[in-house]
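Some notes on the structure that comes next.
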Amino acid sequence: MNLKITLYSILFGLFVSCTNNNTTSTEQLQVQLDKAIGYNDYYTAIYYAHELLAINPNLDSTAIQLAELYKVTKNYAGAIKVAEELIPKVTLEEQLVLWTLKAESLTASRNYPEAIAAYNVLKGLDKTKALEYLYEIGVLYFQARDIQNGIQTMEQVRDLPTSKTTLTKIHSDWGEDNVSYYLAALNYIGYIKIETNDFDAATAIYDEITRLGVPFKLAAGNKKLLEQLKASTAKK
């Protein structure tokens, strides 16, 4: 009887010891992972994320970090794969993070149809950002050269009541602009009108942007291009 108790005690002690070691190892690895991210040493961070998940595959927060690290290091296929595996089993808040990560990775991979589909899912999940997601969808249509859907989507953005009061940042060769979605959508429509040689429609759009009096470097550059093209056409 005493022998059985002694053996049980030894085995239980080994189990507790292993569990404690795993806990300590997990904590240490997480510290190393966070430290690597802090130093922007993303490939080392990926190594520690893999080590953590090998010990405990159910660490969803670590898996989300891994997906983000894949995206940062331009391993978009890896980021998308991890996101798709996690989405069905995480909270709504985490789903929003993962769907955004997936949409951005698909965009970076130039897989515009699937990126549009991902932003449509986001639009349904988070109504508070519907304007932002709709604008991204419009941009993606233009990048995919689907002009008709691009214009229709930007017209929807333009017509939303919140488009005139909600700001977005736009980066271009002229610098950074901080303008309303209304102006951003108008500029996109105007530029497409320039590309399709519909100079009258483009002129009306850029005149409206000018009348609103908001500094918008990209629109000013496009308006200058429009004026040059009109002058060139008039000489022929």
Note on segment 41-56: residues closer than 16 Å to Asn75 by Cβ and polar (S, T, N, Q) are Thr44
Fill in: Any chance Leu226 is more than 24 Å from the chain's Cα centre (by Cα) and either open to solvent by less than 20 Å² (accessible area, probe 1.4 Å) or among the charged types (D, E, K, R) (or both)
yes
Expected output for segment 209-222 (first residue among the aromatic types (Phe, Trp, Tyr), partner surrounded by 14 or more Cβ atoms within 10 Å (Cβ to Cβ) and part of a helix (DSSP H, G or I), Cβ below 8 Å, 6+ apart or cross-chain) is Phe216/Leu183; Phe216/Asn187; Phe216/Ile209
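Residues are listed down the side, and each one gets a yes or a no for (1) open to solvent by 60 Å² or more (accessible area, probe 1.4 Å); (2) among the hydrophobic types (A, V, I, L, M, F, W, C); (3) at pLDDT below 85:
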{"site": "Leu3", "(1), (2), (3)": "yes, yes, yes"}
{"site": "Ile10", "(1), (2), (3)": "yes, yes, yes"}
{"site": "Val16", "(1), (2), (3)": "no, yes, yes"}
{"site": "Asn20", "(1), (2), (3)": "yes, no, yes"}
{"site": "Ala36", "(1), (2), (3)": "no, yes, no"}
{"site": "Asn40", "(1), (2), (3)": "yes, no, no"}
{"site": "Ala49", "(1), (2), (3)": "no, yes, no"}
Thr210 passes all but one of the listed conditions (1) open to solvent by 60 Å² or more (accessible area, probe 1.4 Å); (2) part of a strand (DSSP E or B); the exception is number (2)
### Query
Is it the case that Ile116 is β-branched (Val, Ile, Thr), surrounded by 19 or more Cβ atoms within 10 Å (Cβ to Cβ) and either touching a strand residue (DSSP E or B) at 6+ places or on another chain (Cβ under 6 Å) or closer than 23 Å to Leu69 by Cα (or both)?
yes
Taking segment 141-185 and the residues there that are in a helix (DSSP H, G or I) and farther than 21 Å from Ala202 by Cα, the one that is least open to solvent (accessible area, probe 1.4 Å) would be Thr162
Selection from segment 186-207 of residues open to solvent by less than 60 Å² (accessible area, probe 1.4 Å), out of contact with any strand residue (DSSP E or B) (no Cβ under 9 Å at 6 or more places or on another chain) and touching a residue at least 24 places away in the same chain (Cβ under 8 Å) yields Leu186, Ile189, Gly190, Ile192, Ile194, Phe199, Ala202, Thr203
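The values are calculated or read from the model by the stated rules, or taken from the named source; none is laboratory data. Every value quoted in this text rests on a predicted model; they were computed, and no experiment measured them. Counting neighbours? That spans all protein chains shown, and the Cβs are built from the backbone with ideal geometry, glycine included. Calculation scope for accessible area: heavy atoms of the full protein, side chains included, ligands and nucleic acids excluded. Shrake-Rupley method; radii C 1.70, N 1.55, O 1.52, S 1.80 Å.
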